[in-house]
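Novice: What follows is a single structure, and I will ask about it in a moment.
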């Protein structure tokens, strides 16, 4: 093969470099970042760390420059009719994150405590909410703050967070990531419903107090969320492990999927694994989950073990 003339190569690089550079920068925003990466990059311009731990843990130690937005006390969700947790409106979400000083183009990294799978699910829930509202540059920290503290040379701060100036924020909702109750009702048999709650809830022998009825959505398959982190703690598993788990459960992760929990938190962890780790872009989250489903008596429920 003949080599290209040097002048042609020079001109090609001159004109194509900006395009290649933009693409390379975009690819650096991965859905999962590790503690060593965040320790090196936490102070970079345009990177905003949102710490969803409780305020006391944050005061004791946190990543320098991070924002504390306690998952339980910050309106990532609000209580709607019939006590069902609901996703904030685009206007409310814009006001919330603008108040944190987050702009539309910032790279947001969500940091949970990292001790349990439920804390990781809090991070994936906030992640999904940002994605649902059209925020493109967002990641979660694998292993959470626990992993960050274990990283060599990772700096920490104590006390309250320093407020960031409020900035404009533009929401561009992405409806492709969400499933409503009506969409679940009308889902075809080709759609796989994934109940990410623990097995007792799925079988109908346990029930969260804010879910009106025992059982699950008819035809749903169970993918317990505590299987999705290593030993049920705060770190995600390798891709190959997820594939083996799904093969064991006879779930084809390449199909159309709708994940759910009691609300959005547990279901978001299954959504994250399927959508971001396994790359199934046909996965949606039913954020209302069983709390929304069971509250409407017209919605059928399947109780696999009836203890009454």
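The values are calculated or read from the model by the stated rules, or taken from the named source; none is laboratory data. Everything quoted here is computed from the prediction, not taken from an experiment. All Cβ positions, glycine included, derive from the backbone under ideal geometry; neighbour counts span all protein chains shown.
Novice: Looking only at the range 146-169, count every residue that is within 20 Å of residue 91 (Cβ to Cβ) and at pLDDT below 95 and tell me the total.
Specialist: Residues that pass the stated criteria total 3.
Novice: Within the bounds of the range 153-169, is there any residue that is at negative phi, touching a helix residue (DSSP H, G or I) at 6+ places or on another chain (Cβ under 6 Å) and crowded, with 20+ Cβ neighbours inside 10 Å?
Specialist: yes
Novice: Let me spell it out: the conditions are (1) within 22 Å of the chain's Cα centre (by Cα); (2) without any contact (Cβ under 8 Å) to a residue 60 or more places away in the chain, and residue 206 meets all of them except one. Which number is the exception?
Specialist: That leaves (1) as the condition not met.
Novice: Let me ask something additional. Consider only pairs whose beta carbons are under 8 Å apart and that are at least six residues apart or on different chains; among these, list those whose first residue lies in the range 72-100 and is touching a residue at least 12 places away in the same chain (Cβ under 8 Å) and whose second residue is loosely packed, with under 15 Cβ neighbours inside 10 Å and part of a strand (DSSP E or B).
Specialist: 85/78; 85/79; 86/78; 86/79; 88/78; 92/78
Novice: Can you pull out the strands (runs of 3 or more DSSP E) entirely within the range 93-207 that have at least 3 residues that are in the same structural domain as residue 225 (by TED's automatic domain parsing)?
Specialist: In the range 93-207, 191-195 are the strands (runs of 3 or more DSSP E) which contain 3 or more residues that are in the same structural domain as residue 225 (by TED's automatic domain parsing).
Novice: Could I ask something else about it? Filter the helices (runs of 4 or more DSSP H) completely within the range 215-308 down to those with at least 2 residues that are loosely packed, with under 14 Cβ neighbours inside 10 Å.
Specialist: Ranges flagged: 239-248.
Novice: Oh, and also: Does the range 68-89 include one or more residues that are part of a strand (DSSP E or B) and modelled with pLDDT of 95 or more?
Specialist: Among the residues of the range 68-89, at least one is part of a strand (DSSP E or B) and modelled with pLDDT of 95 or more, which makes the answer yes.
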